[in-house]
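The values are calculated or read from the model by the stated rules, or taken from the named source; none is laboratory data. Please read these numbers as outputs of a predicted model, since none were measured by experiment. Here Cβ is always computed from backbone atoms with ideal geometry, including for glycine, and neighbour counts include all displayed protein chains. All accessible areas refer to the heavy atoms of the entire protein, side chains included, with ligands and DNA or RNA removed. Shrake-Rupley method; radii C 1.70, N 1.55, O 1.52, S 1.80 Å.
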Amino acid sequence: MARTKIQTAASTAGSATASGARARGGGGRSAKALACAHNAPLERKLEEMYDELREKGKDRLMLVVGRALKSVRLTPEPITSVAEAKKVKYVGDYVARALKGAIAEANRNSGVDQNSRPNPNRSANPNPNPNPEPNPKPKPKPKPKPK
């Protein structure tokens, strides 16, 4: 099943310096500006996870969380649910579940009410029957065959 990915700011615009040369990464983490301030609690949570994993020596998970952190920083849209978080590049089930509390905090801080948002899985029509007739006519019973 293919997931659609939210396009990040880095993928839409080339990263170049004022002189026109491409910026080179130094390998370490540095403070980067967020593309969307709503996602600040998510960034903090991912940084905490990254630091904890570094202390434990979990290099593979550090890579996963580091990639997700970079993508969250570059995401221009606010991430308001776990489902939306999973659409961000490099954010899978593990990271999205870990961000659940941070997403709730971000929504509280910005005033997003999860209950007022329409559920894309529910139909706007309360009647699931596509037939416009309120009471469909019953089918006639077949007549018994004479013996």
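Tell me which residues, restricted to segment 71-98, are part of a helix (DSSP H, G or I), in contact (Cβ under 8 Å) with a residue 24 or more places away in the chain and open to solvent by 60 Å² or more (accessible area, probe 1.4 Å).
The answer is LYS86, LYS87, TYR94.
Could you tell me how many of the residues in segment 50-62 are under 18 Å from ARG97 (Cβ atoms), open to solvent by 80 Å² or more (accessible area, probe 1.4 Å) and part of a helix (DSSP H, G or I)?
Residues flagged as under 18 Å from ARG97 (Cβ atoms), open to solvent by 80 Å² or more (accessible area, probe 1.4 Å) and part of a helix (DSSP H, G or I) within segment 50-62 amount to 2.
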